[in-house]
Amino acid sequence: MGSIKAYLDAPNLGTLEKEYILRAIDSTYVSTVGPFVPEFEEKFATYVGSGRAVSVQSGTAALHLALYELGIGKGDEVIVPPLTFIATINPVLYVGATPVIVDMNPETWNIEPDEIEKAITPKTKAIIPVHLYGNPCNIDAIMKIAKEHSLYVIEDATESLGATYKDRQTGTFGDFGCFSFNGNKLITTGGGGMIVTNYIDKAQHIKFLVNQARDASRGYYHPEMGFNYRMTNLEAALGLAQLARIDEFIEKKRKFRKIYQEIFNDLPYIKFQEESDNASGSWWLTCIKIEKDIDISNLMIKLKEKGIPNRRIFMPASEMPYLKKFSKPCPNAYEIYNQGICLPSSTLNEEEDIRKAASIIKETLNG
Ligand SMILES: Cc1ncc(COP(=O)(O)O)c(C=O)c1O
(Lines give C-alpha, C1' and ligand atoms only; values in the text may rest on other atoms or scores of the structure.)
Protein backbone atom coordinates (compact mmCIF):
# COMPACT_ATOMS: atom_id res chain seq x y z
CA MET A 1 0.00 0.00 0.00
CA GLY A 2 1.45 3.36 -1.03
CA SER A 3 1.47 6.57 0.96
CA ILE A 4 -1.30 9.15 0.60
CA LYS A 5 -2.08 12.77 1.36
CA ALA A 6 -4.79 13.26 3.96
CA TYR A 7 -5.82 16.21 6.10
CA LEU A 8 -6.28 16.06 9.84
CA ASP A 9 -8.42 19.13 10.60
CA ALA A 10 -7.65 21.71 7.88
CA PRO A 11 -10.45 24.19 7.08
CA ASN A 12 -12.58 23.79 3.95
CA LEU A 13 -12.61 27.20 2.25
CA GLY A 14 -13.92 27.78 -1.28
CA THR A 15 -15.49 30.27 -3.64
CA LEU A 16 -18.35 31.23 -1.32
CA GLU A 17 -15.87 32.18 1.42
CA LYS A 18 -13.83 34.27 -1.07
CA GLU A 19 -17.00 35.99 -2.26
CA TYR A 20 -18.07 36.97 1.27
CA ILE A 21 -14.59 38.14 2.26
CA LEU A 22 -14.39 40.32 -0.86
CA ARG A 23 -17.80 41.79 -0.06
CA ALA A 24 -16.54 42.74 3.40
CA ILE A 25 -13.38 44.27 1.96
CA ASP A 26 -15.25 46.18 -0.75
CA SER A 27 -17.64 47.58 1.86
CA THR A 28 -14.63 48.93 3.83
CA TYR A 29 -16.17 47.40 6.97
CA VAL A 30 -13.42 45.05 8.01
CA SER A 31 -13.42 45.77 11.72
CA THR A 32 -16.07 45.28 14.37
CA VAL A 33 -18.75 47.49 12.79
CA GLY A 34 -20.54 46.08 9.76
CA PRO A 35 -23.65 44.20 8.69
CA PHE A 36 -22.18 40.70 8.66
CA VAL A 37 -21.75 40.62 12.44
CA PRO A 38 -25.48 40.86 13.35
CA GLU A 39 -26.39 38.69 10.36
CA PHE A 40 -24.02 35.95 11.51
CA GLU A 41 -25.35 36.17 15.09
CA GLU A 42 -28.96 35.90 13.92
CA LYS A 43 -28.35 33.03 11.52
CA PHE A 44 -26.24 31.17 14.09
CA ALA A 45 -28.93 31.53 16.79
CA THR A 46 -31.54 30.23 14.34
CA TYR A 47 -29.30 27.33 13.30
CA VAL A 48 -28.67 26.10 16.85
CA GLY A 49 -32.14 27.01 18.08
CA SER A 50 -31.22 29.51 20.76
CA GLY A 51 -32.87 32.78 21.76
CA ARG A 52 -29.77 34.88 21.17
CA ALA A 53 -26.18 34.53 19.99
CA VAL A 54 -23.37 37.00 20.67
CA SER A 55 -20.23 36.77 18.55
CA VAL A 56 -16.85 37.04 20.27
CA GLN A 57 -13.13 36.76 19.55
CA SER A 58 -12.72 33.10 20.55
CA GLY A 59 -14.27 30.14 22.30
CA THR A 60 -12.08 31.02 25.28
CA ALA A 61 -13.63 34.51 25.40
CA ALA A 62 -17.11 32.94 25.24
CA LEU A 63 -16.34 30.74 28.26
CA HIS A 64 -14.79 33.65 30.15
CA LEU A 65 -17.85 35.85 29.54
CA ALA A 66 -20.29 33.11 30.55
CA LEU A 67 -18.57 32.72 33.93
CA TYR A 68 -18.22 36.49 34.35
CA GLU A 69 -21.87 37.20 33.48
CA LEU A 70 -23.04 34.61 36.02
CA GLY A 71 -21.02 36.38 38.69
CA ILE A 72 -18.84 33.35 39.39
CA GLY A 73 -15.65 34.32 41.17
CA LYS A 74 -13.46 33.99 44.24
CA GLY A 75 -14.54 31.23 46.63
CA ASP A 76 -16.69 29.47 44.00
CA GLU A 77 -16.01 26.02 42.58
CA VAL A 78 -16.63 24.99 38.98
CA ILE A 79 -16.64 21.31 37.98
CA VAL A 80 -14.76 20.52 34.75
CA PRO A 81 -13.43 17.43 32.94
CA PRO A 82 -9.70 16.58 32.68
CA LEU A 83 -9.66 15.55 29.01
CA THR A 84 -10.24 18.80 27.18
CA PHE A 85 -8.39 21.65 25.59
CA ILE A 86 -6.98 23.79 28.38
CA ALA A 87 -9.26 26.69 27.34
CA THR A 88 -12.17 25.02 29.16
CA ILE A 89 -10.37 25.44 32.48
CA ASN A 90 -8.31 28.62 32.25
CA PRO A 91 -11.36 30.95 32.22
CA VAL A 92 -12.38 29.52 35.62
CA LEU A 93 -9.07 30.86 36.91
CA TYR A 94 -9.49 34.18 35.01
CA VAL A 95 -12.58 34.94 37.15
CA GLY A 96 -10.77 33.87 40.33
CA ALA A 97 -12.84 30.71 40.91
CA THR A 98 -11.52 27.20 41.62
CA PRO A 99 -11.74 24.44 39.00
CA VAL A 100 -12.59 20.98 40.31
CA ILE A 101 -11.40 18.39 37.81
CA VAL A 102 -13.36 15.10 37.78
CA ASP A 103 -12.98 11.96 35.71
CA MET A 104 -14.49 10.94 32.37
CA ASN A 105 -16.82 8.17 31.35
CA PRO A 106 -14.55 5.53 29.75
CA GLU A 107 -16.96 4.88 26.86
CA THR A 108 -18.16 8.35 25.81
CA TRP A 109 -14.94 10.14 26.91
CA ASN A 110 -17.15 12.85 28.39
CA ILE A 111 -17.40 14.04 31.99
CA GLU A 112 -18.98 11.34 34.16
CA PRO A 113 -22.20 12.50 35.88
CA ASP A 114 -21.57 10.28 38.95
CA GLU A 115 -18.17 11.95 39.44
CA ILE A 116 -19.81 15.38 39.17
CA GLU A 117 -22.24 14.46 41.90
CA LYS A 118 -19.46 13.21 44.21
CA ALA A 119 -17.50 16.46 43.79
CA ILE A 120 -20.32 18.86 44.73
CA THR A 121 -19.69 20.95 47.85
CA PRO A 122 -21.49 24.00 49.28
CA LYS A 123 -19.04 26.10 47.20
CA THR A 124 -19.96 24.52 43.85
CA LYS A 125 -21.59 27.06 41.52
CA ALA A 126 -21.34 25.62 38.02
CA ILE A 127 -20.51 22.69 35.78
CA ILE A 128 -18.75 23.03 32.43
CA PRO A 129 -19.44 19.85 30.47
CA VAL A 130 -17.41 19.50 27.25
CA HIS A 131 -18.92 17.62 24.30
CA LEU A 132 -15.56 16.14 23.45
CA TYR A 133 -14.60 15.85 19.77
CA GLY A 134 -18.27 16.44 18.84
CA ASN A 135 -19.79 13.71 21.03
CA PRO A 136 -22.71 15.02 23.13
CA CYS A 137 -22.46 14.48 26.88
CA ASN A 138 -25.20 12.69 28.78
CA ILE A 139 -26.84 16.06 29.11
CA ASP A 140 -30.08 14.89 30.74
CA ALA A 141 -28.11 13.45 33.67
CA ILE A 142 -26.00 16.62 33.96
CA MET A 143 -29.00 18.96 33.85
CA LYS A 144 -30.77 16.84 36.49
CA ILE A 145 -27.79 17.14 38.86
CA ALA A 146 -27.57 20.89 38.16
CA LYS A 147 -31.25 21.36 38.93
CA GLU A 148 -31.10 19.34 42.15
CA HIS A 149 -28.14 21.34 43.44
CA SER A 150 -29.03 24.75 41.91
CA LEU A 151 -25.90 24.87 39.75
CA TYR A 152 -25.31 26.74 36.52
CA VAL A 153 -24.38 24.80 33.40
CA ILE A 154 -22.06 26.35 30.82
CA GLU A 155 -21.78 23.96 27.90
CA ASP A 156 -18.39 23.90 26.20
CA ALA A 157 -19.76 23.15 22.73
CA THR A 158 -16.62 24.44 21.02
CA GLU A 159 -16.05 21.05 19.40
CA SER A 160 -19.66 19.95 18.96
CA LEU A 161 -21.41 22.38 16.62
CA GLY A 162 -24.10 20.39 14.78
CA ALA A 163 -24.23 17.57 17.33
CA THR A 164 -27.64 16.85 18.84
CA TYR A 165 -29.14 15.27 21.94
CA LYS A 166 -32.80 14.32 21.65
CA ASP A 167 -32.81 16.28 18.38
CA ARG A 168 -31.73 19.48 20.13
CA GLN A 169 -28.35 21.09 19.40
CA THR A 170 -25.59 20.87 21.99
CA GLY A 171 -24.96 24.26 23.54
CA THR A 172 -28.69 24.98 24.01
CA PHE A 173 -29.35 22.97 27.18
CA GLY A 174 -27.34 24.91 29.74
CA ASP A 175 -27.53 28.53 30.87
CA PHE A 176 -24.92 29.32 28.22
CA GLY A 177 -23.43 27.47 25.28
CA CYS A 178 -19.96 28.37 24.00
CA PHE A 179 -18.68 27.74 20.47
CA SER A 180 -15.31 28.17 18.75
CA PHE A 181 -14.57 29.05 15.13
CA ASN A 182 -10.86 28.43 15.35
CA GLY A 183 -9.24 27.41 12.06
CA ASN A 184 -9.52 23.68 12.74
CA LYS A 185 -13.17 23.61 13.84
CA LEU A 186 -16.26 22.41 11.93
CA ILE A 187 -16.75 25.97 10.64
CA THR A 188 -14.17 28.70 10.99
CA THR A 189 -13.93 32.48 11.05
CA GLY A 190 -10.14 32.32 11.21
CA GLY A 191 -10.45 32.74 14.95
CA GLY A 192 -13.64 33.56 16.78
CA GLY A 193 -16.44 32.24 18.92
CA MET A 194 -20.09 32.53 19.85
CA ILE A 195 -21.99 32.49 23.10
CA VAL A 196 -25.65 31.46 23.02
CA THR A 197 -28.36 31.74 25.64
CA ASN A 198 -32.09 32.07 26.10
CA TYR A 199 -31.56 34.78 28.74
CA ILE A 200 -32.06 37.74 26.41
CA ASP A 201 -31.17 40.31 29.07
CA LYS A 202 -27.90 38.52 29.83
CA ALA A 203 -27.11 38.28 26.10
CA GLN A 204 -27.65 42.01 25.73
CA HIS A 205 -25.38 42.68 28.66
CA ILE A 206 -22.68 40.45 27.17
CA LYS A 207 -23.00 42.30 23.85
CA PHE A 208 -22.34 45.49 25.84
CA LEU A 209 -19.42 43.97 27.79
CA VAL A 210 -17.58 42.78 24.66
CA ASN A 211 -17.47 46.37 23.40
CA GLN A 212 -15.58 47.67 26.47
CA ALA A 213 -18.95 48.28 28.15
CA ARG A 214 -19.17 51.51 26.23
CA ASP A 215 -22.26 53.70 26.45
CA ALA A 216 -21.76 55.46 23.10
CA SER A 217 -24.70 57.81 23.77
CA ARG A 218 -22.34 59.55 26.20
CA GLY A 219 -19.24 59.33 24.00
CA TYR A 220 -16.47 57.46 25.69
CA TYR A 221 -18.39 56.64 28.82
CA HIS A 222 -18.02 53.21 30.44
CA PRO A 223 -20.36 52.58 33.37
CA GLU A 224 -18.56 49.34 34.21
CA MET A 225 -15.47 47.31 33.30
CA GLY A 226 -15.68 45.71 29.85
CA PHE A 227 -13.61 43.65 27.43
CA ASN A 228 -12.50 43.93 23.83
CA TYR A 229 -13.90 40.59 22.72
CA ARG A 230 -15.74 41.67 19.55
CA MET A 231 -15.78 39.68 16.35
CA THR A 232 -14.86 41.60 13.19
CA ASN A 233 -17.03 42.02 10.10
CA LEU A 234 -14.33 40.23 8.10
CA GLU A 235 -14.52 37.22 10.43
CA ALA A 236 -18.33 37.24 10.39
CA ALA A 237 -18.27 37.27 6.56
CA LEU A 238 -16.23 34.07 6.62
CA GLY A 239 -18.55 32.64 9.27
CA LEU A 240 -21.67 33.28 7.16
CA ALA A 241 -20.16 31.53 4.16
CA GLN A 242 -19.14 28.57 6.32
CA LEU A 243 -22.52 28.39 8.03
CA ALA A 244 -24.19 28.16 4.63
CA ARG A 245 -22.17 24.97 4.05
CA ILE A 246 -22.55 23.39 7.47
CA ASP A 247 -24.83 20.51 6.43
CA GLU A 248 -22.28 19.39 3.84
CA PHE A 249 -19.53 19.43 6.50
CA ILE A 250 -21.52 17.49 9.10
CA GLU A 251 -22.57 14.86 6.59
CA LYS A 252 -18.93 14.31 5.65
CA LYS A 253 -17.73 14.11 9.25
CA ARG A 254 -20.38 11.51 10.09
CA LYS A 255 -19.61 9.53 6.96
CA PHE A 256 -15.87 9.52 7.74
CA ARG A 257 -16.47 8.04 11.19
CA LYS A 258 -18.66 5.32 9.64
CA ILE A 259 -15.90 4.46 7.17
CA TYR A 260 -13.33 4.10 9.97
CA GLN A 261 -15.79 1.94 11.92
CA GLU A 262 -16.41 -0.31 8.91
CA ILE A 263 -12.72 -0.76 8.14
CA PHE A 264 -11.69 -1.36 11.78
CA ASN A 265 -14.68 -3.62 12.39
CA ASP A 266 -12.54 -6.76 12.63
CA LEU A 267 -10.04 -5.16 15.05
CA PRO A 268 -11.73 -5.70 18.43
CA TYR A 269 -9.02 -3.78 20.27
CA ILE A 270 -10.03 -0.53 18.55
CA LYS A 271 -12.68 1.40 20.45
CA PHE A 272 -14.55 4.50 19.23
CA GLN A 273 -16.18 7.08 21.50
CA GLU A 274 -19.67 5.79 22.23
CA GLU A 275 -22.70 8.00 21.75
CA SER A 276 -25.03 8.42 24.73
CA ASP A 277 -28.62 7.26 24.20
CA ASN A 278 -30.48 9.79 22.02
CA ALA A 279 -27.26 11.56 21.02
CA SER A 280 -25.95 12.16 17.53
CA GLY A 281 -22.34 13.31 17.32
CA SER A 282 -21.06 15.73 14.69
CA TRP A 283 -17.57 14.16 15.01
CA TRP A 284 -15.34 17.18 14.63
CA LEU A 285 -12.54 14.63 14.97
CA THR A 286 -12.86 10.88 14.80
CA CYS A 287 -10.65 9.46 17.53
CA ILE A 288 -9.92 5.91 18.57
CA LYS A 289 -8.57 4.14 21.60
CA ILE A 290 -6.22 1.27 20.85
CA GLU A 291 -6.58 -1.28 23.63
CA LYS A 292 -3.39 -3.09 22.79
CA ASP A 293 0.13 -2.95 24.14
CA ILE A 294 1.59 -0.36 21.76
CA ASP A 295 3.67 2.78 22.07
CA ILE A 296 1.25 5.47 20.92
CA SER A 297 4.00 8.05 20.21
CA ASN A 298 5.78 5.57 17.99
CA LEU A 299 2.56 4.79 16.13
CA MET A 300 1.94 8.50 15.57
CA ILE A 301 5.40 8.91 14.01
CA LYS A 302 4.98 5.86 11.79
CA LEU A 303 1.62 7.08 10.52
CA LYS A 304 2.96 10.57 9.81
CA GLU A 305 5.77 9.00 7.76
CA LYS A 306 3.09 7.27 5.69
CA GLY A 307 1.24 10.55 5.03
CA ILE A 308 -1.40 10.09 7.74
CA PRO A 309 -1.54 13.22 9.91
CA ASN A 310 -2.78 12.56 13.44
CA ARG A 311 -2.78 14.08 16.88
CA ARG A 312 -2.63 12.92 20.44
CA ILE A 313 -5.66 13.02 22.70
CA PHE A 314 -5.58 16.04 25.06
CA MET A 315 -3.21 15.54 27.97
CA PRO A 316 -5.23 15.30 31.21
CA ALA A 317 -5.42 18.75 32.80
CA SER A 318 -4.19 17.25 36.07
CA GLU A 319 -0.75 16.96 34.39
CA MET A 320 -0.41 20.75 34.22
CA PRO A 321 1.68 21.99 37.15
CA TYR A 322 -0.74 24.82 37.98
CA LEU A 323 -3.81 22.55 37.89
CA LYS A 324 -2.58 19.43 39.73
CA LYS A 325 -3.93 20.59 43.07
CA PHE A 326 -7.45 20.98 41.67
CA SER A 327 -7.79 17.44 40.36
CA LYS A 328 -9.59 14.39 41.70
CA PRO A 329 -8.14 11.00 40.64
CA CYS A 330 -8.81 10.54 36.90
CA PRO A 331 -7.79 7.00 35.89
CA ASN A 332 -10.18 6.89 32.91
CA ALA A 333 -8.78 10.12 31.47
CA TYR A 334 -5.22 8.74 31.69
CA GLU A 335 -6.23 5.47 30.03
CA ILE A 336 -7.84 7.31 27.11
CA TYR A 337 -4.84 9.64 26.85
CA ASN A 338 -2.34 6.77 26.85
CA GLN A 339 -4.14 4.76 24.19
CA GLY A 340 -5.96 7.38 22.14
CA ILE A 341 -5.28 9.07 18.83
CA CYS A 342 -7.23 11.46 16.54
CA LEU A 343 -7.46 10.49 12.88
CA PRO A 344 -7.73 12.52 9.63
CA SER A 345 -11.16 14.14 9.79
CA SER A 346 -10.97 17.34 7.72
CA THR A 347 -13.82 17.85 5.28
CA LEU A 348 -11.17 18.58 2.66
CA ASN A 349 -10.74 14.81 2.48
CA GLU A 350 -12.93 12.73 0.22
CA GLU A 351 -14.39 9.38 1.27
CA GLU A 352 -11.73 7.63 -0.78
CA ASP A 353 -8.94 9.43 1.15
CA ILE A 354 -10.44 8.24 4.44
CA ARG A 355 -10.75 4.66 3.16
CA LYS A 356 -7.08 4.72 2.16
CA ALA A 357 -6.03 6.29 5.45
CA ALA A 358 -7.99 3.69 7.42
CA SER A 359 -6.41 0.84 5.45
CA ILE A 360 -2.91 2.19 6.06
CA ILE A 361 -3.63 2.58 9.79
CA LYS A 362 -4.93 -0.99 9.92
CA GLU A 363 -1.88 -2.32 8.07
CA THR A 364 0.42 -0.40 10.44
CA LEU A 365 -1.35 -1.78 13.50
CA ASN A 366 -1.23 -5.31 12.18
CA GLY A 367 2.40 -4.99 11.10
C1 LIG B 1 -12.78 21.95 24.29
C2 LIG B 1 -12.37 23.34 23.88
N3 LIG B 1 -12.66 24.36 24.70
C4 LIG B 1 -12.35 25.63 24.39
C5 LIG B 1 -11.71 25.93 23.19
C6 LIG B 1 -11.32 27.35 22.95
O7 LIG B 1 -11.67 27.87 21.74
P8 LIG B 1 -10.75 28.99 21.06
O9 LIG B 1 -9.52 28.31 20.55
O10 LIG B 1 -11.62 29.53 19.97
O11 LIG B 1 -10.45 30.00 22.11
C12 LIG B 1 -11.42 24.89 22.29
C13 LIG B 1 -10.82 25.11 20.96
O14 LIG B 1 -9.83 25.54 20.64
C15 LIG B 1 -11.72 23.56 22.65
O16 LIG B 1 -11.41 22.53 21.85
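The values are calculated or read from the model by the stated rules, or taken from the named source; none is laboratory data. Just so we're clear, the structure is a prediction, and the values are computed from it rather than from any experiment. Methodologically, a virtual Cβ is constructed for each residue, glycine included, from the backbone with ideal geometry; neighbour enumeration extends over all protein chains shown. Ligands, DNA and RNA are stripped out before the accessible areas are found, and what is left, the full protein with its side chains, is counted by its heavy atoms. Shrake-Rupley method; radii C 1.70, N 1.55, O 1.52, S 1.80 Å.
Please turn the phi angles of segment 282-297 into ³J(HN,Hα) values with the Karplus equation 6.51 cos²θ - 1.76 cosθ + 1.60 (θ = phi - 60°), one per residue in order, whole Hz, x for glycine and proline.
9, 6, 3, 10, 8, 10, 10, 10, 9, 8, 8, 7, 10, 8, 5, 5
Could you calculate the contour length gain from Arg218 to Tyr199, that is, 0.36 nm times the residue separation minus the distance between their Cα atoms, to one decimal place in nm?
Working: separation 19, 0.36 × 19 = 6.84 nm, distance 2.66 nm.
Residue separation times 0.36 nm, minus the Cα-Cα distance, leaves 4.2 nm.
Setting aside same-chain residues fewer than 8 positions from Lys362, which lysines have a Cα under 30 Å from its Cα?
Lys5, Lys185, Lys252, Lys253, Lys255, Lys258, Lys271, Lys289, Lys292, Lys302, Lys304, Lys306
What ranking of Met231, Met300 comes out by heavy-atom accessible area, probe 1.4 Å, highest first?
Numbers: Met231 5, Met300 25 Å².
Ranked from most to least accessible, the order is Met300, Met231.
What residues qualify as long-range amide H neighbours of Ala279, i.e. H under 5 Å apart, gap of 5 or more or another chain, H built at 1.01 Å from N?
Lys166
Under the rule of at least 5 residues apart or a separate chain, name every residue whose amide H is placed under 5 Å from the amide H of Gly73.
Hits under the 5 Å cutoff: none.
Could you sort out which of Lys123/Lys166; Lys43/Lys144; Lys125/Lys202 sit more than 20 Å apart by Cα distance in this structure?
Numbers: Lys123/Lys166 31 Å; Lys43/Lys144 30 Å; Lys125/Lys202 18 Å.
Long pairs (Cα-Cα over 20 Å): Lys123/Lys166; Lys43/Lys144.
Sorted by accessible area with a 1.4 angstrom probe, largest first, how do Phe173, Phe249 fall? Provide the component values of the computation, followed by the final result.
On the way: Phe173 35, Phe249 0 Å².
Order by accessible area, largest first: Phe173, Phe249.
Ranked from highest to lowest mean number of other Cβ atoms within 10 Å per residue, what is the order of the peptides 141-152, 211-222?
Listed from highest to lowest mean packing, they are 141-152, 211-222.
Take Lys304, project a point 7 Å from its Cα along the Cβ direction, then tell me which residues of segment 328-346 have their backbone nitrogen under 18 Å from it.
338-346
Under 20 Å from a point placed 7 Å out from the Cα of Arg311 along the Cα-to-Cβ direction: which residues of segment 62-99 have their backbone N that close?
Under 20 Å, as judged by backbone N against the label point of Arg311, lie 62-64, 81-91 of segment 62-99.
Within the chain, what whole-number % of the accessible surface is contributed by carbon and sulfur, with the 1.4 Å probe and all protein chains included in the calculation?
On the way: 7800 of 15370 Å².
The value for the chain is 51 percent carbon and sulfur by accessible area.
What length, rounded to one decimal in nm, is gained on full extension from Asp295 through to Asn278, with 0.36 nm per residue of separation minus their alpha-carbon distance? Mind dumping the intermediate values first?
On the way: separation 17, 0.36 × 17 = 6.12 nm, distance 3.49 nm.
Computed gain between Asp295 and Asn278 is 2.6 nm.
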